[in-house]
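Novice: Take this structure, written in structure tokens, and hold onto it; I'll ask about it next.
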Amino acid sequence: MPFNPANAIQDQLVFGEFGDINPSITDSSTFTFMSPETMEDAFEHEMEGCFLYSRHWNPTNRYLATALAAMEDTPAGWVTASGMSAITSVVMQSCSSGDEIVSGRTVYGGTYALLNNLLPRFGIKTRFVDITDLTAVEKALTNKTRILYTESVTNPLLEVADIVTLANIAHKHDVLLVVDNTFTPMILSPARLGADVVVHSLTKFINGSSDTVAGAICGPSELVAQLADVNNGVAMLFGPVLDSLRAASILKNLHTLHIRMQQHSQNALALAEALSGWGFDVHYPGLSKHPQHQLMKKMMHPEYGFGGMLAVDFGSDEAARQLMKIMQEEQVGYLAVSLGYFKTLFSAPGHSTSSEIPSATQESMGLTKSLVRFSVGIDKDIDRTIERMHKSLSRVGILNT
Ligand code: PLP
């Protein structure tokens, strides 16, 4: 049977204290020890599987981390209070002053700001490259590079990373390939394609209800042990701990992720085809004209589709602004940042989630101010949404058909 991320999650059987079908929630920041000697042992030898304090490990967080590691098929997992803290933890654990990172230039604006603005203060330099230009990627690696960083499908331009080739390049140079799989959970399994570490913003599709902020790191057991180390672990010492009550609710939502991803993908493909048919410049990897359409087909688990994210250039800043206002009035969805919600969310990344990227860099990567990013919802009737989209475009006067 080929690997399937949904089956891997479903095979994680965890029962609660009384045979409850949901695991019990450990609502405690600290744990008792039977004797001072065992407490001393815990601190001196970091006993595996031992719970001592919830910033270190909490059983509920461990259930979620284990399920996510199963989904990504990695030996271990760790959960954090946000996607950004998952990224920061991996980077700070793996790099020291003097080290370098090579990163795709189209990454989430917060990640760009971390790499470009904040990390140089700690002596860590990032070289940004076009992640689809594999020659440029290899050329940017130096003997100081520790991490090659990319998003599986990039935010907001929906470029698809060739994870297999990037892993080969990274490993040839003894560099870690870190992949942010936030846009494509279930669809892509980066670790199975060669990535060393997979990070997620759980805030998005995985939780799916836009009611919390959380993150995850899936990777080797040694990395997770290092993160949790009481003396040197970045997660332990910077302390971006996820609350156990939230971990429990995210774990419950994770069990419907495979169905939600199918519906997000089905709806996004229908909307992408409609917008493309009306003559708009649509970025969606499910369209055969997308430059990495064939690459994505080779890497993906096909039953989950090409994902719920798409981006469209509406030609002018003003048209994009007017359209977003009208789409909200016509109930296409909400004018909001973030993604993975059951309703469609849209925003102009050049003015919002990618605004941390300097304008000249945005231009050079093809990120125009008239680009609108959609996180397509799980609407039952996407034809009705497409009609509303048509009406919104007509009201702005940018539809010729
Ligand atoms: N990675 C990607 C691809 C994102 O889109 C985001 C947020 O939008 C993040 C990471 C950061 O996640 P969080 O907001 O949970 O910190």
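The values are calculated or read from the model by the stated rules, or taken from the named source; none is laboratory data. The structure presented is a predicted model; accordingly, all values stated were derived computationally and were not measured. Reconstructed Cβ throughout: ideal geometry from the backbone, glycine too, with neighbour counts over all protein chains shown. Keep in mind that these areas ignore ligands, DNA and RNA; they rest on the heavy atoms of the full protein, side chains included. Shrake-Rupley method; radii C 1.70, N 1.55, O 1.52, S 1.80 Å.
Novice: Give the lysines whose C-alpha is closer than 21 Å to that of Lys298, dropping any in the same chain fewer than 8 places away, or say none.
Specialist: Those lysines meeting the cut-off are Lys289.
Novice: Name the residues of the stretch 5-47 whose amide N is less than 12 Å from a point 7 angstrom out from the Cα of His255 along the C-beta direction?
Specialist: Counting backbone N atoms under 12 Å from the label point, the list is 10-16, 20-24.
Novice: Along the charge dipole of the chain, Cβ charges K/R +1 and D/E -1, which of Ile147, Gln292, Trp278 sits furthest on the positive end?
Specialist: So the residue furthest toward the plus end is Trp278.
Novice: Let me ask another. Sorted by average packing, counted as other Cβ atoms within 10 angstrom per residue and highest first, what order do 285-297, 77-89, 15-27, 55-67 take?
Specialist: Highest to lowest by the protection proxy: 77-89, 55-67, 285-297, 15-27.
Novice: Which FRET efficiency value, to the nearest 0.05, is calculated for Glu318 and Glu40 with the Förster distance at 60 angstrom and r the Cβ-Cβ distance?
Specialist: 0.35
Novice: Can I ask one more? What spacing in nm lies between the two simple spin-label points modelled at Lys298 and Ala360, each 7 Å away from Cα in the Cβ direction?
Specialist: 3.6
Novice: If you place +1 on the Cβ of every Lys and Arg, -1 on the Cβ of every Asp and Glu, and leave all else neutral, what size is the dipole of the chain about its Cα centre, to the nearest 20 Debye?
Specialist: 1200
Novice: Further, regarding this structure: Using only the Cα atoms of the chain, what do you get for the radius of gyration and for Dmax, in Å?
Specialist: Calculated on Cα positions, Rg and Dmax stand at 21.5, 77 Å.
Novice: Of Gln331, Thr344, Pro358, which is farthest along the charge dipole of the stretch 319-401 in the positive direction, counting Lys and Arg as +1 and Asp and Glu as -1 at C-beta?
Specialist: Gln331
Novice: Identify, among Val213, Met236, Met1, the residue whose Cα sits farthest towards the positive end of the charge dipole of the chain, taking +1 on the Cβ of Lys and Arg and -1 on the Cβ of Asp and Glu, with the dipole about the Cα centre.
Specialist: Val213
Novice: Calculate for the chain the 222 nm mean residue ellipticity that helices alone would give, adding -39,500 (n - 2.57) per DSSP H run of length 4 or more and normalising by residue count, nearest 500 deg cm²/dmol.
Specialist: -11000 deg cm²/dmol
Novice: At 7 Å along the Cα-to-beta-carbon direction for both Glu273 and Lys289, put a label point, then send me their distance in nm to one decimal.
Specialist: Placing both labels 7 Å along Cα→Cβ, they lie 1.5 nm apart.
Novice: Using a Förster distance of 45 Å, how high is the FRET efficiency between Cys50 and Arg395, based on the Cβ-Cβ distance and rounded to 0.05?
Specialist: With a Förster radius of 45 Å, E is 0.15.
Novice: What is the extension gain from Lys139 to Leu13, computed as 0.36 nm multiplied by their sequence separation minus the C-alpha to C-alpha distance, in nm to one decimal?
Specialist: On the way: separation 126, 0.36 × 126 = 45.36 nm, distance 4.58 nm.
That works out to 40.8 nm of additional length.
Novice: With a 1.4 Å probe and every protein chain kept in, tell me what percent of the accessible surface of the chain is carbon plus sulfur.
Specialist: Ligands and nucleic acids excluded, carbon and sulfur reach 52 percent.
Novice: Is there a pair in Lys204/Lys343; Lys204/Lys252; Lys139/Lys204; Lys252/Lys380 whose C-alpha atoms are over 24 Å apart, and which pairs would that be?
Specialist: Lys139/Lys204
Novice: Pop the C-beta distance of Asp73 and Gln331 into the FRET formula with R0 = 45 Å and round what comes out to the nearest 0.05.
Specialist: Working: r = 39 Å, r/R0 = 0.87.
It comes out at approximately 0.70.
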